[in-house]
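Q: Below you will find the structure I want to go over with you.
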C-alpha cells in the first residue's frame, strides 16, 4: 500500500487560509485502509478546519462551507468524475487526503478547482499488525528482483540500495545507517536464500541498474497492463 501521513494542522490551515468553500476529500483506498485519510478522518479534519478558521477570524463574511466526503479511489479518473461531478460545483477548492497521485487526479479531472494535499506521501509499504507500524518495502523501481533475493527487496530495505551483498557497515545483522536499528537487508536475504538452499542466487553478480526503467514520468499502457506483456 501507499503510506501517507497527515500534515500538521497549522500547515494545512495556512495552505487553505484563502479558501472558505472547500471539500475535504478522503480516499477509501490506501489512506483510508490505514485510517489516515478515510471518511472518518475527512470528517474530523473538516471539523477541525472550521474551528481553526473561526478561531483565526478568517471567516469574515460568515459563509464558511467546509464539508467532508470520500471516494472509493482518488487515483482513478472515472471514479473521481462520477463521484464528484454533481456536487463539486459548490466548492472553490478541494483538500485531498489521498496520496500525491490522488491529489493530481482530482486536479486533472476538475482543472477549474484548486486542489491541495492534506497528507504527505511517504513510501510503498506494509503494516505489521492491525493499527501497527508501517514499514517501507518497495521503491517501484520497475525491475523487480525479489525472485533472486528471497522476497526481500534490497532496493527499498538496504539504505544504500546495494545489489551484491552487504557493505562493511553492518554489525550483528544491523545496518549502520539509522543507528543500527534496522535489519541489514542483505543478511536477511542471505538467511532466506540459505533456508531454501538457493545461495547460488546470493553469489550471482548483478550489474548496475538501468535507471532508464524508472525515469519519470512513467506510464503503463492499458493494453500492456491487462495483457501481462511489455517491451
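Here, each number is a calculation from the coordinates, and none is a lab measurement. All of these numbers come straight from a predicted model, not from anything done at the bench. Counting neighbours? That spans all protein chains shown, and the Cβs are built from the backbone with ideal geometry, glycine included.
Q: Looking at the square roots a ≥ b ≥ c of the eigenvalues of the Cα gyration tensor of the chain, which shape do they give, rounded for a/c under 1.5, prolate if a/b is larger than b/c, or oblate?
A: Working: a/c = 3.01, a/b = 1.95, b/c = 1.54.
Taking the square roots of the gyration eigenvalues as a ≥ b ≥ c, the chain is prolate.
Q: Moving on to the next point. Any idea what angle helix 100-109 forms with the longest principal axis of the chain, computed on alpha-carbon atoms, 0 to 90 degrees, nearest 10?
A: 50 degrees
Q: Per DSSP H run of at least 4 residues, take -39500 (n - 2.57); add these up for the chain, divide by its residues and hand me the 222 nm value, nearest 500 deg cm²/dmol.
A: Working: 9 runs with 73 residues, N = 231.
Helix-only estimate at 222 nm: -8500 deg cm²/dmol.
Q: For the chain, set up a Gaussian network in which alpha carbons nearer than 10 Å are linked by springs, and say which option among 110, 196, 123 fluctuates the most.
A: For the chain, modelled as a Gaussian network with Cα springs under 10 Å, the answer is 196.
Q: Based on other C-beta atoms within 10 Å, arrange 187, 66 from fewest to most.
A: Exposure proxy ranking, most exposed first: 187, 66.
Q: Right, something else. With the cut-off at 1.5 for a/c, could you classify the stretch 162-219 from its C-alpha gyration tensor as rounded, prolate or oblate?
A: Numbers: a/c = 2.39, a/b = 1.33, b/c = 1.80.
It is oblate, given that a/c is not under 1.5 and a/b is not larger than b/c.
Q: Continuing with this model, one more query. Picking from 126, 44, 208, which is most flexible by a Gaussian network model of the chain using Cα springs under 10 Å?
A: The residue that fluctuates most here is 208.
Q: Then there's this: Taking the Cβ-Cβ separation of residue 63 and residue 122 as r and a Förster radius of 45 Å, what is the calculated FRET efficiency to the nearest 0.05?
A: Details: r = 36 Å, r/R0 = 0.79.
Approximately 0.80, to the nearest 0.05.
Q: Ranking request for peptides 47-56, 14-23: highest mean number of other beta-carbon atoms within 10 Å first, then the rest in descending order.
A: Numbers: 47-56: 14.7, 14-23: 17.2.
Per-residue Cβ counts within 10 Å, averaged per peptide and sorted highest first, yield 14-23, 47-56.
Q: Would you look at the GNM of the chain, springs on alpha carbons closer than 10 Å, and say which of 30, 99, 167 moves the most?
A: 167
Q: Taking only Cα atoms, what is the 0 to 90° angle, nearest 10, from helix 39-56's long axis to the longest principal axis of the chain?
A: Roughly 50 degrees, rounded to the nearest 10.
Q: Calculate, in nm to one decimal, what residue 164 and residue 140 gain on full extension: separation in residues at 0.36 nm each, minus their alpha carbon distance. Could you put the intermediate results ahead of the total?
A: Numbers: separation 24, 0.36 × 24 = 8.64 nm, distance 1.92 nm.
Difference between extended and current length: 6.7 nm.
Q: Could you calculate the FRET efficiency of residue 218 with residue 10 from 1/(1 + (r/R0)^6), where r is the beta carbon distance between them and R0 is 41 Å, rounded to 0.05?
A: Details: r = 34 Å, r/R0 = 0.84.
In this case the efficiency is close to 0.75.
Q: Starting from 0.36 nm per residue, how many nanometres of slack lie between residue 130 and residue 39 once their C-alpha separation is accounted for? Can you show the working numbers first?
A: Numbers: separation 91, 0.36 × 91 = 32.76 nm, distance 1.83 nm.
Using 0.36 nm per residue and subtracting the Cα-Cα distance, I get 30.9 nm.
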